[in-house]
Each structure stands twice: as C-alpha cells, then as structure tokens.
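This report concerns only the one structure given below.
The values are calculated or read from the model by the stated rules, or taken from the named source; none is laboratory data. Note that this is a predicted model, so its numbers are computed, not measured. When we count neighbours, we look across all protein chains shown, and the Cβ atoms used for this are built from the backbone with ideal geometry, even at glycine.
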Amino acid sequence: MHVSDFDYHLPENLIAQHPPAVRGASRLLLVNGSTLADAQFAAFADALQAGDVMVFNDTRVIKARLFGEKASGGKIEALVERVLDEHHVLAHVRASKSPKPGTRLIFAERWQAEMVERVGELFRLRFLDAANVFDILDASGKLPLPPYIERDTDGDDDERYQTVYAREKGAVAAPTAGLHFTDDMLQQLAAKGVKLCNVTLHVGAGTFQPVRVDNIADHKMHSEIYDIPQATVDAINTAHAAGRQVLAVGTTSMRALESAARGDGVLKAGRGETDIFITPGYRFNVVDKLLTNFHLPKSTLLMLVSAFAGYTEMRAAYAHAVAQEYRFFSYGDAMLLTRKD
C-alpha cells in the first residue's frame, strides 16, 4: 500500500489546540465494522463487562525540551528522546552547527553537558552535574507538546498532558487515549468488575515523524522501550480463557502487547525494545478492542488502526468524524474500535 492511501482532508479548525475544559468531557465514536455510533466518553464504561481487561500505558511524560548554548557561543535546543542512565541521554539537537564530540553545552544557564557521540540522527549527551537527569529536566525542561499544537506550553499542560495514572518517567509524548480518564472513571470501571492492568511504553518523538517513502513497506519505524508485567499477562490469559475481551487504551499499549507476543503469538512478560510496524494485513494476537484518539493523515498510527478495524471502515469513520466536527489529535476526542477479524 502507499502513503497516499492513508490521506484524508482535515480542516485546521478541528485540530484541538487545548484540552477540554473538564478532563473526560470528550466525545466518543463507537466503530464496530461498518456501524458507527456517536456517544460521550462519560458513557465509556457501558462498552465493557465484568471480567474484561483494560490495559493502560503508565508512562509519564518528562519535560524533555531544554534550551541553552554552546560554551563557545551559539544557541542550542535539545529534545531528549531517551534517558539512558542518571547522566546520559539520547537527544535530538537543533543548532546552527551540529555540535561535535567533546563540545560543552550549557542549558538554562545552569546545567553543563558534553556531546559524546552521534547515534544515527540522535546525539548522546553526558550531563556533568551531580544531579540526576530527571531532576535536571524537572527543574529546567519544558513539556514537549506535539508540533500540531501551535502555541507555547502553559501551566495547564503540565497536568492535562499527563494521564491521571502516569507513573514511570520516560515518555516524550503522552499516550493520549489515556488523557480522557479520571480517577472517578477508573473507580467506576473497577467497581463494574473490569480488570485494570498496566504496561509501560516510553513514547518517543519518532511517533510524530512523517512517513517519507511512497511504499509503506519501505518505512523504517522508530524504536521504543516497553515493559510488560507478569500480572498483566496473567490477567489477559485469564480473560481470554473465560471468553472475555481485552481492551488496549491507546496505540502505545497496543504496540507493547503485540510486540510482546511477536513470533509465536504467545504474550510474554518482560522488558524489550520494539520497532513494530502494524499495517493492514497484520494478524493481531492479543487485543480485541482499542480505545484511541484520531490520528494524523498519512501517519503510521492511522495505518495501525486501519489494520485493526478495517481500512474501508476507518476511511468511513474518519469521514464521519470530520463531518460531525469531532476534535482531532492529542487533546481531541476518542474512538472505540472493535477488531475486524
């Protein structure tokens, strides 16, 4: 298939620039084959039954954008892609001239770092202060909002571009399907008998990179770290044995689960790194339903949902969402997809 097969027209006014005034006050498009139904996210729990399993991505977005200058002069911006340890990161670096190994960098007029080496398109940086990298980012970094949100971050973003269950620091972008959930909604689901489980996948900036090839089979996916607890594997196996369904909250949870079942189709606990690229024709092994936001035209995530719910069905669903003026992308509305077998 070609990238152009996943294009659609989206009026700019439908791209959500701010979260809804109240967390969870979003619309929900229910997609089951060719059947579409408009709903409110407040009624989401009606789609699940006791014994079903929901899998959330508990990654926490870090303040990954740092501004500074080279010790020799010249402004520099770093977007941390991955924290390697207490003092080393992989980062995208923007400067008039790319720093060479050994170049000293000063961020926020406070923190000193050294460019160690190039790693593909990324730069490995070593922070020279005693402070932990996460503490440096918390103190001086800025939240990296997606490129289609055309404004600076504000105080609300620190809370609203983070799920209420975020725990494991390491993401550059939020697992946005989870932004709709409130603590009350989670309690309501648990009271109904729905099993709530976690995985961790640290979303990288590569999630926003465009597909630059015509034939999607030629696209190389970015790589991300994931971790699947044994308790989540056990809950999923129990649900499927009882004929219950597994719902992934977001494409990041989906990618983690399907990556951990790669090969023989058996879900395995543990930590790994994945560059899985899910396109139409992929055989899903774990997930029965997917809660997700609306994705960019020509994006790998639009290809993923087309593989899951059906290519023709997704084109119809997106056309419906545009016509009904749903809000799109990270701060937008949600859709609940049933797998097309």
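The sole residue among 163, 153 that is surrounded by 14 or more Cβ atoms within 10 Å (Cβ to Cβ), free of Cβ contacts under 8 Å to residues at least 12 places away in the same chain and in a loop (DSSP other than H, G, I, E, B) is 153. Being at pLDDT below 95, of a type in the set (Phe, Trp, Tyr), within 30 Å of residue 16 (Cα to Cα) and in the same structural domain as residue 12 (by TED's automatic domain parsing) is a condition met by no residue of the stretch 224-235.
Here residue 258 does not qualify as closer than 26 Å to residue 157 by Cα, crowded, with 21+ Cβ neighbours inside 10 Å and of a type in the set (D, E, K, R).
Being closer than 25 Å to residue 152 by Cβ, outside the structural domain of residue 163 (by TED's automatic domain parsing), free of Cβ contacts under 8 Å to residues at least 60 places away in the same chain and surrounded by fewer than 14 Cβ atoms within 10 Å (Cβ to Cβ) holds for only one residue in 77, 109, 121, and it is 109.
Condition check for residue 135 on (1) touching a strand residue (DSSP E or B) at 6+ places or on another chain (Cβ under 9 Å); (2) modelled with pLDDT of 95 or more: one failure, at (1).
Of everything listed in (1) assigned to a loop (DSSP other than H, G, I, E, B); (2) in contact (Cβ under 8 Å) with a residue 24 or more places away in the chain, the single unmet condition for residue 283 is (2).
Scanning the stretch 31-47 for residues that are surrounded by 18 or more Cβ atoms within 10 Å (Cβ to Cβ) and touching an Asp or Glu at 6+ places or on another chain (Cβ under 8 Å) returns 31, 41.
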